[in-house]
1. Taking segment A:143-196 as the search range and keeping residues that are within 13 Å of chain B (Cβ to nearest Cβ) and in contact with a Gly (Cβ under 7 Å, 6 or more places away or on another chain), which one is surrounded by the fewest Cβ atoms within 10 Å (Cβ to Cβ)?
2. Of the residues that sit in segment B:309-335 and are more than 7 Å from chain A (Cβ to nearest Cβ) and β-branched (Val, Ile, Thr), which one is nearest to residue B:394 (Cα to Cα)?
3. Would a scan of segment A:105-112 turn up a residue that is more than 7 Å from chain B (Cβ to nearest Cβ) and within 20 Å of residue A:141 (Cβ to Cβ)?
4. Do you know which of the residues in segment A:77-89 that are over 14 Å from the mean Cα position of the chain (by Cα) and more than 8 Å from chain B (Cβ to nearest Cβ) is nearest to residue B:12 (Cα to Cα)?
5. Would you check which residues across segment B:735-773 are open to solvent by 80 Å² or more (accessible area, probe 1.4 Å) and either closer than 30 Å to residue B:691 by Cα or not in a helix (DSSP H, G or I) (or both) and list them?
6. Within segment B:646-664, how many residues turn out to be open to solvent by 50 Å² or more (accessible area, probe 1.4 Å), touching a Phe, Trp or Tyr at 6+ places or on another chain (Cβ under 8 Å) and of a type in the set (A, V, I, L, M, F, W, C)?
7. If residue B:400 satisfies every condition in (1) more than 35 Å from the chain's Cα centre (by Cα); (2) more than 14 Å from chain A (Cβ to nearest Cβ); (3) not in a helix (DSSP H, G or I) but one, which is the exception?
Amino acid sequence: MLQLKNIYKWFNTGSNRTFILKDINLDIKQGEFVSIMGPSGSGKSTLLNVMGMLDEPNEGKYIFLDQDVLHMKEKQRSEIYKSHIGFVFQAYHLIDELTVYENIETPLIYQNIKSGERKGMVADMLDRFQIVGKKDLFPNQLSGGQQQLVGIARALIVKPKLILADEPTGNLNSKQGEEIMNIFKELNGEGVTIIQVTHSEKNAEYGSRIIHLLDGRIEKES
Amino acid sequence: MIKNYFKTAWRYIKKHKAYSLINILGLALGIASCLIIFLVVQYELGYDQFYKKSDRTYRVTLNQLDFNPSVSMGVVPALRTDFPELEDVSQVWYRKSALLEIHNEKYEEKGMMYADKYFPEIFDQHWLEGNPKTALTDPNSIVLTESIAHKYFGNKEAMGQFIKLENKYNLKITGVIKNVLGNTHLPFNMIVSFATVENDVKGMMSNFYAIADGSFAYIVTPKNYHISQMQSLMHGFIEKNWGKDIAKDAKLPLQPLTDIHFDQRYLNNTISYTTSRETYYALIAIAVLIIIIACINFINLATAQAIRRAKEVGVRKVLGSTRSQLIKQFLGETTFMVLIAMILGLLVTAFFLPLLSTWLSLKISIAQLLQSSVILVTVLVAISIIILAGLYPAFVQSAFRPIESLKSKPSLTFSGLTLRKSLVVIQFAICQVMIIGTLVVAYQIDFFENRDLGFDKEAVISFKIPDKSKTEVLRNELQNNPGVKQVSFSSGAPVISNNFTSFTSPESGIKKEDVTELKFIDEDYTKMFALKMLAGESVQRTETSDNDSVHNVVVNETMIHKLGIQDPQKAIGKYILLNGSWNATITGVVKDFQSESKHKKIRPCVLLYNKNAFFMVSARLQTSNMNQTIARIDKAWSSLFPQNVFSYEFLDDHIAAWYSQEQKEYTAFKLFALIAIIIGSMGLYGLITFAAAQRGKEVGIRKVLGASLADIVFLFSKEFVILIAIAFLIAAPLAYYIMYNWLQSFAYQINIGANIFVIAILSSFIIAAFTIGYQAIKAGIVNPINSLRSE
């Protein structure tokens, strides 16, 4: 599904060059469930952002679905991730001014899907996560776990091939966290590729593959 | 998609009420100002343009030493004979007021004029009754406007009824027309057929210089006619009809109908005021400036809060929004706010329009808000606001990169501080220019009405004597009235009823005729008006008759300067020749006094005794119980002159009327300066509120370190003090330049003193202090524990 080849990312402080990612080589197949682990500052989030095309490496090659995305124009690239990638964040990042229903609906609007069709798709999603009763509430009226459910529903609505999750359970208690991980597991069973960044050994275990990062390098894989 | 944008916009407005209120109210006030200014400008610049033939209509005026809109009544018949190609030629004789008798009751009514049967051809009216082609053909016919007909005949049929005019003519009503629009130079209420008076004025027709005040001649040229060609034929026209001598000095300029309102050369004897087009261009500029101030508020508040929306921008981008979609979203929000502001602005305009029409003495009705041109302007203003105010913030906000804005602790920086400060400077500068402008206009008007008049105008009323044989009876009556301090009989108080005549002074080498004012006064006149005698004595009571050709006269300073004399004493005993035949000996010199508006230079003036010309009474009243005194005068006057209706005028009011145009400008300036200040202050308040919130932590730390409330207030204020000072450096010279030029349109003007600038900058500081003060103090008294609590 995606290949990273010799990815470097750095920033310059004075005459020093500080590396965030150093020579990352990764090959992730369709249907995998990958957990990225590592201490704070090891480059996990940056790596995820590079894979999500939100950030660009300074050097290296990135092939996504057989396309060299680093040489694409911004517009083409956003076209790709719009239709293939769903993002889930630690801080949920729901739009405060929109209701649950509208938050889930938003990505469809950007894909120019017709109103009638959107209604059905959102309704399915609300059903699936059993949040129909909450559809008219605003994010600040929900618990953290519920907000993250909405976040995942929003990521899934475009039927992405890949879900990128940055510490999806970081702000949740263990019970809520477990629920979320079970949902990921279930999704993975349906064929969705999942890449998550996590601190928790336990959550990492849900994945089929764990990548350990340290100081911007892949330290080990298991 | 649009629905989604509007939904977010609406919720955002609801969530950030203060911010939205500032923006919407500011924009609404701006839009309302624009609409009002548009209506005023449309009204003023549209003077006389609603007549169908207005582009081909000219008024034949007189230029001989001076510009006079009135011409001899002999001009119209001569034009008809000599220029048969003219489509229409019409004679009007405008009388400011008329004495009417209806059902045995007497009334004084304004706006009466005589006009011939060709008048309706040129000035098309909406005829409710009567036939425009024949209504003014026969003698003793009168056409009324709807409101006059209604005033005197109620709901009864006015057509065919009779009105007695000036105790003399018995007129039959032959037509009723819709009220004449307010923006015409000829605002009449009644037209009496010219045939009614034709025989009475026959004598004047043969004399080129026998000019009845308000005798106007109008012509309509055929289509594709070259007016300049006709103008060049006028010299020959005068020579042919009135002789070489007259043709040498006199010109008959053909004044386009649509220029009459703006031709300030004809300051005297105009029925409606004249004005300059520049005034209205200035108003348009003010409208633009007010909109700019409101847009600056919008830009400043939007960029100051941009970071608040950064997360949303990040999320939307991650969810697949492109930048252009985000720009559209933000512009959509702006559009939404502008739409609300637009509706509010229209409501505000509709609400205040009647009040403003009174203030600015305009005849504009609320219905005019529904004109297509008004709607077009509203839409244009709204679109320009959306572009001016919305585009930049939309670009800034949509530029945030998701990766930065989505971090759990965003370290985003978009301060845009320099831009914001520059914009605030612009706002302050605009406000200061408007404050300075308003002050200059105010000082100039005060100067006009109250300074250097050269005579005492306090509590003086002026009224007519219809019958001169009763002068002494009236004088006794007035002197016995305890409410009357002083009385004088004359041809008119210093500012009322000017007569002019020619003068030469062979003795001083002035052979070419020049023009002088002429006032016939009694022996009490100079004392009563406190005119200052510089040399010699005032006039003496003599038994002169109209046929006398030797006179003792008092002249003003300007006159002796014309004669080449500087020392008033040396002028005593000099001769001047008045009206070609009167030998006048100067027996007194009086300090210059204002007899015309200060738009013009003071002219030579001759004062002499001639009781046959005492048409007017001036009476200075005791300031207590004035109404009672006037009622008593009215009673005495009315019993002496039962055929007439008593009407009087205060000199104060008469003088103020000269400057009604400047008064209107002053009112407009005051109003729009105030609006500009209000909008600017609201924006400033928004910014300081935001800054106070943003710097809460800093304030907390400073307080813990020992800062006092004053220190904190100073922390917030010092920046604005600097900004105001910079704005002042821009505004002061700019305002000086603009207002200096404005003042040059008057013959006499104030100096723009330093005090005006001091007031302007002080008021800016005071306004800013009030705006900033509350939030600064609020931030200063917050317990630092609250702001320093770690998240």
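The values are calculated or read from the model by the stated rules, or taken from the named source; none is laboratory data. Keep in mind that what you see is a predicted model, and the values were worked out from it rather than measured. Note that we place each Cβ from the backbone using ideal geometry, even for glycine, and neighbour counts take in every protein chain shown. These accessible areas exclude ligands, DNA and RNA; they are computed on the full protein's heavy atoms, side chains included. Shrake-Rupley method; radii C 1.70, N 1.55, O 1.52, S 1.80 Å.
1. Taking the candidates together, the pick is A:171.
2. So, considering only residues that are more than 7 Å from chain A (Cβ to nearest Cβ) and β-branched (Val, Ile, Thr), the one nearest to residue B:394 (Cα to Cα) is B:327.
3. yes
4. A:79
5. Correct list: B:744, B:751, B:762, B:766, B:770.
6. Qualifying residue count, segment B:646-664: 1.
7. (2)
Residue by residue, here is whether (1) open to solvent by less than 20 Å² (accessible area, probe 1.4 Å); (2) at pLDDT 90 or above; (3) touching a Pro at 6+ places or on another chain (Cβ under 8 Å); (4) not in a helix (DSSP H, G or I) holds:
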| site | (1), (2), (3), (4) |
| --- | --- |
| B:418 | no, no, no, no |
| B:426 | no, yes, no, no |
| B:449 | no, no, no, no |
| B:461 | yes, yes, no, yes |
